[in-house]
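The values are calculated or read from the model by the stated rules, or taken from the named source; none is laboratory data. Source: prediction; values computed, not measured. Every residue, glycine as well, gets a Cβ built from its backbone with ideal geometry; the counts of neighbours run over all protein chains shown.
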Amino acid sequence: MRKNLSPEILLTSRQRAVPCDQTQILGIVETALPMCRRVAAACGGPLLHLKQIECTILGKRAMSRVHREFLAISGPTDVITFPYGEILICAPIARSRAEEFGHDITAELALYCLHGLLHLAGLDDTDPASAQQMARTQEKILRTAIRKFALVKG
């Protein structure tokens, strides 16, 4: 039984519009995973029971198609998380937001993966209070993970 073992994280880019360093993104996300699992232990999300998590970076057209098919909403969105461990990320939206907020694209894409992990941990952002709490949690975990990853890498 894998209950106490971390799931394997797979990261794939299926788009060409936004160049990204998948090795760095994966390193940051894997560094953040234990922190997300602690959130899951408190919130009871499915993250603790998953063997594998697939993070896929998509273009706008593919993300729009999934958004419409599964959520009946037109147009792309930044992140879609499925409870069985699939996280879809829209690279062009990440690039726009990274430019808007002055972030690095690697950190922004890692943030989107982390956002999906926190959904799998049991957090949601369906109302303003929970969205604010989720944003604070993901920012804190992201800062810590980037710092720890840089120490290990450097």
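Could you grab me the full set of residues in region 102-130 that are small (Gly, Ala, Ser) and farther than 29 Å from Ala17 by Cα?
Ala121, Gly122, Ala129, Ser130
Looking at region 104-116, can you tell me whether even one residue there is touching a helix residue (DSSP H, G or I) at 6+ places or on another chain (Cβ under 7 Å), free of Cβ contacts under 8 Å to residues at least 60 places away in the same chain and either surrounded by fewer than 19 Cβ atoms within 10 Å (Cβ to Cβ) or of a type in the set (Lys, Arg) (or both)?
Checked against the condition, which is being touching a helix residue (DSSP H, G or I) at 6+ places or on another chain (Cβ under 7 Å), free of Cβ contacts under 8 Å to residues at least 60 places away in the same chain and either surrounded by fewer than 19 Cβ atoms within 10 Å (Cβ to Cβ) or of a type in the set (Lys, Arg) (or both), region 104-116 yields at least one hit.
Which one of Ile53, Ile57, Ile80 is part of a strand (DSSP E or B) and in contact with a Phe, Trp or Tyr (Cβ under 8 Å, 6 or more places away or on another chain)?
Just a single option satisfies the conditions, and that option is Ile80.
Among the residues of region 63-77, write down those that are buried (at least 17 other Cβ atoms within 10 Å of the Cβ) and either in contact (Cβ under 8 Å) with a residue 40 or more places away in the chain or part of a helix (DSSP H, G or I) (or both).
First, the residues of region 63-77 that are buried (at least 17 other Cβ atoms within 10 Å of the Cβ): 63-64, 66-67, 76.
Once the filter is applied, which keeps residues that are buried (at least 17 other Cβ atoms within 10 Å of the Cβ) and either in contact (Cβ under 8 Å) with a residue 40 or more places away in the chain or part of a helix (DSSP H, G or I) (or both), region 63-77 yields Met63, Ser64, Val66, His67.
Considering only residues that are touching a Gly at 6+ places or on another chain (Cβ under 7 Å) and modelled with pLDDT of 95 or more, which ones fall in region 1-38?
Within region 1-38, Gln15 is the sole residue that qualifies.
So which residues in region 111-133 are within 21 Å of Leu50 (Cα to Cα), in a helix (DSSP H, G or I) and among the aliphatic types (A, V, I, L, M), if there are any at all?
Those that are within 21 Å of Leu50 (Cα to Cα), in a helix (DSSP H, G or I) and among the aliphatic types (A, V, I, L, M): Leu111, Leu114, Leu117, Leu118, Leu120, Ala121.
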